[in-house]
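Report on the structure given below.
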Amino acid sequence: MFSTNFLTNRAVVFTSNGDPMKVVRVVSFPNLPPPRPKSVNIRYILSPINPSDINVIEGVYPAKPEARADLAQVGPGSAEEPCFIAGNEGLAEVQEVGEGVGGLASGDRVVMVKPQSGTWSTGANVGEQDVIKVPKIGRAATISEVQGATMSVNPPTAYNMLNNFVELRPGDWIVQNGANSAVSAQSLWPGFSSLENELKELGATHVLPLELLSDRSARSRIKEVTGGANIRLALNCVSGPTTAAMVGLLGPDAHLVSYGAMSKRPLLLPTSAFIFKGLTAHGFMQNRWYRENDLEKREELMNELAKLMVTRKLREPRHMILDIPRTASDDDATSKVRDIIEKVTSGKGMFGRKVLLRFEN
Ligand SMILES: NC(=O)c1ccc[n+]([C@@H]2O[C@H](COP(=O)([O-])OP(=O)(O)OC[C@H]3O[C@@H](n4cnc5c(N)ncnc54)[C@H](OP(=O)(O)O)[C@@H]3O)[C@@H](O)[C@H]2O)c1
């Protein structure tokens, strides 16, 4: 048993896959020992809750965090009951540097290179190669904590999908669903018309509720707006039947890039789109891009995104921060985390906001 004075760290853990409202809990654990050689101790500043984090806990996502034997001493994590810390993305600060670490110093802001690092936590010991410094652009220009915490998943996904499938030129058109998601627009709306205004302010030309996609008058309105242009790129995070309707808006030789299935429905596309219009359908996964590209390419992409952020071409997602106070018991913290996961999963009361966890420590 540890004295509570030493239990200054916390993490959201699960020991089996299932309904996050039942399987996640918050545990406290002792101070980290000094970092091993070639490793650093980091303190997480902000860690988002992304849809894929929920899927990892449910066990329906093709990625799994490593089991954490080091937590066995505080309860979960025995050989019989492996324990995992949730969370893939986050912004952290280097606190202590181990022997032989070259490129990192105490105080550096970093994001994770290693997927499923267990970012829903106060801190961790990580290999120096498992994190990458957040770029600074120019002398003083820097990005916000929220932008740093959310820069590894959604912005690069959007950037790569826009750049790697179709060569877009000024004046070209693209169509996307889930346009109010963090990947798409990073937007908040209390009703459709304010959502529409906000998306237009971010650069959308025409905004339609999904249900109207197959409506004739809506489709002719789109033709009018685009002047009948050949739309060659469609981005899909919803899947299900409405995506077939979106594909109907595309011109010849277009590309559909699917990166999510928020509707939890299969993607059913009309065969005619392939035969008569030469449609090409792709899947995109940012993690695969990270696996297939070296660290230098990753740094280039991060720099590019940071430049877009400091010039305000890429804004921080609309968000809310869930603070877990140091004084909250593990049970209270567990309730808070479960409540917010329930809201994120149902979408109720979230108004499109990305939730970020912040543990006081
Ligand atoms: N492949 C990749 O590399 C990659 C990278 C990043 C994200 N993603 C995926 O992209 C998707 C969006 O991620 P995010 O972080 O942007 O999430 P987010 O900000 O939480 O946005 C979720 C979006 O999904 C919509 N949605 C939820 N349930 C829906 C349903 N039943 N039918 C239609 N639309 C629904 C929401 O619309 P309402 O608010 O109107 O419900 C919202 O636009 C997720 O599937 C995520 O896993 C994939």
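The values are calculated or read from the model by the stated rules, or taken from the named source; none is laboratory data. Only a predicted model underlies this, so the values are computations on that prediction, with no experimental measurement involved. FYI the Cβ positions are ideal-geometry reconstructions off the backbone, even for glycines, and counts take in every protein chain you see.
Just to verify a result, which residue in the range 352-361, among those that are over 17 Å from the mean Cα position of the chain (by Cα) and not acidic (Asp, Glu), is farthest from PHE192 (Cα to Cα)? Spell out the reasoning first.
Let us first name the residues in the range 352-361 that are over 17 Å from the mean Cα position of the chain (by Cα), namely 359-361.
Those still in the list that are not acidic (Asp, Glu) too: 359, 361.
Numbers: PHE359: 34, ASN361: 40 Å.
Here the residue is ASN361.
Taking the residues in the range 348-361 that are within 11 Å of the ligand (Cβ to nearest atom) and touching a Leu at 6+ places or on another chain (Cβ under 8 Å) as candidates, determine which candidate is farthest from ASN55 (Cα to Cα).
Here the answer is PHE351.
For THR345, are the conditions met, namely being among the hydroxyl-bearing types (Ser, Thr, Tyr), closer than 22 Å to ASN55 by Cβ, in contact with a strand residue (DSSP E or B) (Cβ under 6 Å, 6 or more places away or on another chain) and assigned by TED's automatic domain parsing to the domain that holds PHE29? Before the answer, list the steps.
Working: among the hydroxyl-bearing types (Ser, Thr, Tyr): yes; closer than 22 Å to ASN55 by Cβ: yes; in contact with a strand residue (DSSP E or B) (Cβ under 6 Å, 6 or more places away or on another chain): no; assigned by TED's automatic domain parsing to the domain that holds PHE29: yes.
Answer is no for this residue.
Quick one: count up the residues across the range 323-340 that are surrounded by 19 or more Cβ atoms within 10 Å (Cβ to Cβ) and in contact with a Leu (Cβ under 8 Å, 6 or more places away or on another chain).
Of the residues in the range 323-340, 2 are surrounded by 19 or more Cβ atoms within 10 Å (Cβ to Cβ) and in contact with a Leu (Cβ under 8 Å, 6 or more places away or on another chain).
Just checking, does the range 192-209 include any residue being of a type in the set (D, E, K, R) and surrounded by 18 or more Cβ atoms within 10 Å (Cβ to Cβ)? Lay out the reasoning, then the answer.
Kept after step one, since they are of a type in the set (D, E, K, R), are these residues of the range 192-209: 196, 198, 200-201.
Within this subset, residues satisfying the condition of being surrounded by 18 or more Cβ atoms within 10 Å (Cβ to Cβ) are 196, 198.
Yes, the range 192-209 has at least one match.
Here are LYS277, LYS336, LYS313: which of them is more than 16 Å from the ligand (Cβ to nearest atom), closer than 27 Å to VAL111 by Cα and at pLDDT 95 or above? Outline the logic, then answer.
Values: LYS277 fails: closer than 27 Å to VAL111 by Cα; LYS313 fails: at pLDDT 95 or above.
None of the others qualify; the one that does is LYS336.
Among ASN287, ASN236, which is crowded, with 19+ Cβ neighbours inside 10 Å and within 19 Å of the chain's Cα centre (by Cα)?
Numbers: ASN287 fails: crowded, with 19+ Cβ neighbours inside 10 Å.
Result of the check over ASN287, ASN236: ASN236.
What is the number of the single condition among (1) within 16 Å of the ligand (Cβ to nearest atom); (2) touching a helix residue (DSSP H, G or I) at 6+ places or on another chain (Cβ under 8 Å); (3) modelled with pLDDT of 85 or more that HIS206 does not meet?
The failed condition is (1).
Identify, please: which residue in the range 1-19 is of a type outside the set (A, V, I, L, M, F, W, C) and closer than 20 Å to LEU46 by Cα and is, among those, modelled with the highest pLDDT?
In the first step, residues of the range 1-19 are kept if they are of a type outside the set (A, V, I, L, M, F, W, C); the result is 3-5, 8-10, 15-19.
With the extra rule that they be closer than 20 Å to LEU46 by Cα, the set shrinks to 8-10.
Details: THR8: 78, ASN9: 90, ARG10: 94.
By that ranking, first place goes to ARG10.
Keeping to the range 118-152, report how many residues are free of Cβ contacts under 8 Å to residues at least 60 places away in the same chain and either under 15 Å from ARG358 (Cα atoms) or surrounded by 15 or more Cβ atoms within 10 Å (Cβ to Cβ) (or both).
2
Okay, residues lined up against (1) of a type outside the set (A, V, I, L, M, F, W, C); (2) at pLDDT 90 or above:
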{"residue": "SER78", "(1), (2)": "yes, no"}
{"residue": "ALA92", "(1), (2)": "no, yes"}
{"residue": "LEU104", "(1), (2)": "no, yes"}
{"residue": "GLY118", "(1), (2)": "yes, yes"}
{"residue": "LYS136", "(1), (2)": "yes, no"}
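Would you check which residues across the range 234-254 are more than 18 Å from ALA204 (Cβ to Cβ) and assigned to a loop (DSSP other than H, G, I, E, B) and list them?
Hits for the range 234-254 are GLY240, GLY248, GLY251, PRO252, ASP253, ALA254.
Take the range 119-129 and flag every residue that is more than 14 Å from the chain's Cα centre (by Cα) and either outside the structural domain of ARG326 (by TED's automatic domain parsing) or not aliphatic (A, V, I, L, M) (or both). Spell out the reasoning first.
Of all residues in the range 119-129, those more than 14 Å from the chain's Cα centre (by Cα) come to 121-129.
Those that are more than 14 Å from the chain's Cα centre (by Cα) and either outside the structural domain of ARG326 (by TED's automatic domain parsing) or not aliphatic (A, V, I, L, M) (or both): SER121, THR122, GLY123, ASN125, GLY127, GLU128, GLN129.
Which residues, taken from the range 333-345, are more than 17 Å from the chain's Cα centre (by Cα) and not aliphatic (A, V, I, L, M)?
Scanning the range 333-345 gives THR334, SER335, LYS336, ARG338, ASP339, GLU342.
Taking the condition more than 14 Å from the ligand (Cβ to nearest atom), in contact with a Pro (Cβ under 9 Å, 6 or more places away or on another chain) and either charged (D, E, K, R) or outside any loop (DSSP other than H, G, I, E, B) (or both), does VAL56 pass? Break it down into steps so the answer makes sense when it comes.
Working: more than 14 Å from the ligand (Cβ to nearest atom): no; in contact with a Pro (Cβ under 9 Å, 6 or more places away or on another chain): yes; either charged (D, E, K, R) or outside any loop (DSSP other than H, G, I, E, B) (or both): yes.
Spelling it out, it is not the case that VAL56 is more than 14 Å from the ligand (Cβ to nearest atom), in contact with a Pro (Cβ under 9 Å, 6 or more places away or on another chain) and either charged (D, E, K, R) or outside any loop (DSSP other than H, G, I, E, B) (or both).
What's the number of the condition SER217 fails, among (1) within 16 Å of the ligand (Cβ to nearest atom); (2) assigned to a helix (DSSP H, G or I)?
Of everything listed in (1) within 16 Å of the ligand (Cβ to nearest atom); (2) assigned to a helix (DSSP H, G or I), SER217 misses just condition (1).
Given (1) away from the ligand (no atom under 16 Å from the Cβ); (2) aliphatic (A, V, I, L, M); (3) under 26 Å from SER217 (Cα atoms), identify the lone condition not met by VAL257.
VAL257 satisfies all of (1) away from the ligand (no atom under 16 Å from the Cβ); (2) aliphatic (A, V, I, L, M); (3) under 26 Å from SER217 (Cα atoms) except (1).
For the range 83-113, name all the residues that are part of a loop (DSSP other than H, G, I, E, B) and among the β-branched types (Val, Ile, Thr). Write out each step before concluding.
Here is the first cut: in the range 83-113, the ones part of a loop (DSSP other than H, G, I, E, B) are 83, 86-90, 98-108, 113.
Within the range 83-113, VAL101, VAL113 meet the criteria.
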